[in-house]
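**Q** Sharing a structure, written as structure tokens. Questions coming.
The numbers here are math on the coordinates, done by the rules we state, and not lab data. If you're wondering where the values come from, they're calculated on a predicted model, not measured in any experiment. In this analysis, Cβ positions are derived from the backbone assuming ideal geometry, glycine residues included, and neighbour counts consider all displayed protein chains.
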Ligand code: RFL
Ligand code: PHB
């Protein structure tokens, strides 16, 4: 089999890249390790920047998002038992974010790919990449017990943090920067109305909590938990009780609880691999970088990588110009590091770090008070949250 761009991974990065390239008449084949149902059922991100929604429109998959997504013009910061609204629209000259689940983005992209009759190999086994430092890269994999070879012009490594592409690079080819945080997020999804019409980011003495949502009838909540915690040790009741204790009295009283549809624990990590291009192999999305979810940046950074990569590949195939390809890594990393910085800063501000002791909490409180009192500080938060310009 032969294609122009072999895409490894059918997460949001791989699917969006496939769609943008298809629109430009470039052939792709996606090779995915998991089943389509498994990919569709992963509960992850919920907040899309304008840059991401524009890109989904450009890919021709924005219709349902505009119908069912919830535009948000602000969110609440809760600390010292009180809530303070961050007015994103007022602070950024009219910008907002869109609350629309990654599950739905994935579903829309998969439907568009199927409708266009584009090839995706699900449940591929033993995927490996070869000769990406030549003009004839190859991908090998097993499907239904048979070995296959996919010849291509380029390989896009959209295979997430635990993927095969970055792991295949020779030692020394890549520099990795990493910070692992001493806690995780326990997430719970429930068919209950959200406690508030906007998100609440809470810094409480008992640890961070986040009240998010997927629709007017579906809520997503998170709790900071020790890395040693196991999801089996958290009954739904224990989750709801702990969440109430981290909220302000009004939110705690009005919180509507119900059985969980999903509960899971995710570790928090900051990670960047440099560079993101190796000959004819490109890394994009979580394959190249991870942010802690506090700033809601992961999927959005993945989308901008894909924007830069699709533009570069379209330019290459249309004009045989490698200018875009040559600048891919540098252009992505400039934006990624700003996303990394914001995500690290917001995580540091909102979570309990037991090692920092009482002085750590006092400093956090002082910064939070400054943040809501100073227009300059609120603006810096707001403009990063809605997303920096491309
Ligand atoms: P993905 O989604 O991990 O997809 C990678 C795909 O590659 C496949 N794969 C392979 N395929 C073939 N061969 C192999 N050897 C393979 N190895 C792996 C995998 O099965 C998978 O299908 O990466 P991608 O596409 O780069 O997308 C990145 C986003 O998923 C991620 O950044 C976000 O979910 C992060 N994130 C958030 N981002 C936001 O922008 N806003 C948010 O509100 C937000 N909230 C979150 C989040 C991530 C979270 N978790 C669980 C880490 C909340 C949470 C809790
Ligand atoms: C989510 O809804 O899953 C979500 C929202 C905001 C974040 C992280 C996750 O910062």
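**Q** Considering every pair of different Cα atoms, what Kirkwood radius, in Å, is found for the chain? Please list the in-between numbers first.
**A** On the way: mean 1/r = 0.0459 Å⁻¹.
Computed over Cα pairs of the chain, the Kirkwood hydrodynamic radius comes out at 21.8 Å.
**Q** Considering only C-alpha atoms, what is the centroid distance from segment 91-105 to segment 304-350, in Å?
**A** 20 Å
**Q** Considering the chain as a Gaussian network with a 10 Å cut-off on Cα pairs, which listed residue, 301, 17, 186, attains the greatest mean-square fluctuation?
**A** 186
**Q** As a test of the formula, what do you get for the chain when each DSSP H run with n ≥ 4 contributes -39,500 (n - 2.57) and the sum is divided by the residue count, at 222 nm and rounded to the nearest 500 deg cm²/dmol? Intermediate values should be presented prior to the final figure.
**A** Working: 13 runs with 151 residues, N = 390.
Using -39500 (n - 2.57) per qualifying helix, the result is -12000 deg cm²/dmol.
**Q** Need one number: nm distance between label points at residue 369 and residue 252, each 7 Å from Cα along Cα→Cβ, rounded to one decimal.
**A** The modelled label-to-label distance comes out at 2.2 nm.
**Q** Given points 7 Å out from each Cα along the Cα-Cβ axis, report the residue 126 to residue 206 separation in nanometres with one decimal.
**A** With each label placed 7 Å out from Cα toward Cβ, I get 5.1 nm.
**Q** What's the ranking of 239-249, 51-61 by average number of surrounding C-beta atoms within 10 Å, highest first? Show your work: numbers first, answer last.
**A** On the way: 239-249: 18.0, 51-61: 20.0.
In decreasing order of mean packing, 239-249, 51-61 become 51-61, 239-249.
**Q** Build a GNM of the chain with springs between Cα atoms under 10 Å: which of 279, 357, 14 gets the top mean-square fluctuation?
**A** Its mean-square fluctuation being the largest, the pick is 357.
**Q** Right, another one. Roughly what % antiparallel, to the nearest 5, for the DSSP beta bridges in the chain? Display every interim value, and only then the final one.
**A** Numbers: 57 of 75 bridges.
Within the chain, antiparallel bridges account for around 75 percent of the total.
**Q** Give me the extension gain from residue 133 to residue 89: residue separation times 0.36 nm, minus the current Cα-Cα distance, reported in nm with one decimal. Each step should come with its number before you reach the end.
**A** Numbers: separation 44, 0.36 × 44 = 15.84 nm, distance 4.63 nm.
Computed gain between residue 133 and residue 89 is 11.2 nm.
**Q** Follow-up. Using a 10 angstrom cutoff on alpha carbons, build the Gaussian network for the chain and name the most mobile of 329, 35, 310.
**A** In the Gaussian network model the winner is 35.
**Q** Once both axes come from the Cα atoms, what is the angle between helix 102-115 and the longest principal axis of the chain, in degrees from 0 to 90, rounded to 10?
**A** So the helix axis and the longest Cα principal axis differ by about 30 degrees.
**Q** What is segment 3-103's relative contact order, in percent, from Cα pairs under 8 angstrom and six or more apart in sequence? Before the final figure, lay out each step's value.
**A** Values: 130 pairs, mean separation 28.2, N = 101.
Reported relative contact order: 28 percent.
**Q** What is the distance in Å between the Cα centres of segment 107-125 and segment 213-289?
**A** Between the Cα centres of segment 107-125 and segment 213-289 lies a distance of 27 Å.
**Q** Just want to confirm a number: the relative contact order over the chain, from Cα pairs under 8 angstrom separated by 6+ residues, in percent. Can you show the working numbers first?
**A** Values: 781 pairs, mean separation 79.2, N = 390.
Averaging sequence separation for qualifying contacts and normalising by length gives 20 percent for the chain.
**Q** Moving on to the next point. Under a plain spin-label model, where a point goes 7 Å from the Cα along Cα-to-Cβ, how far apart in nm are residue 63 and residue 144?
**A** Distance between label points: 3.2 nm.
**Q** Also: Using only Cα atoms, find the angle between the long axis of helix 236-246 and the longest principal axis of the chain, and express it within 0 to 90 degrees, rounded to the nearest 10.
**A** For 236-246 against the chain, the angle is about 60 degrees.
**Q** Output the peptides 78-84, 146-152 sorted from most to least packed, where packing is the average of other Cβ atoms within 10 Å over each peptide's residues. Don't skip to the end; give the middle numbers.
**A** Working: 78-84: 16.4, 146-152: 14.3.
Ranked from most to least packed, the peptides come out as 78-84, 146-152.
**Q** For a label point 7 Å from the Cα of residue 173 along Cα→C-beta, name the residues of segment 1-37 whose backbone N is under 19 Å from it.
**A** Output list for this probe position: 5-9, 31.
**Q** For segment 103-217, how big is Rg over Rh, using alpha carbon atoms and the Kirkwood form of Rh?
**A** Details: Rg = 20.8 Å, Rh = 19.0 Å.
Reported Rg/Rh, Kirkwood definition of Rh: 1.10.
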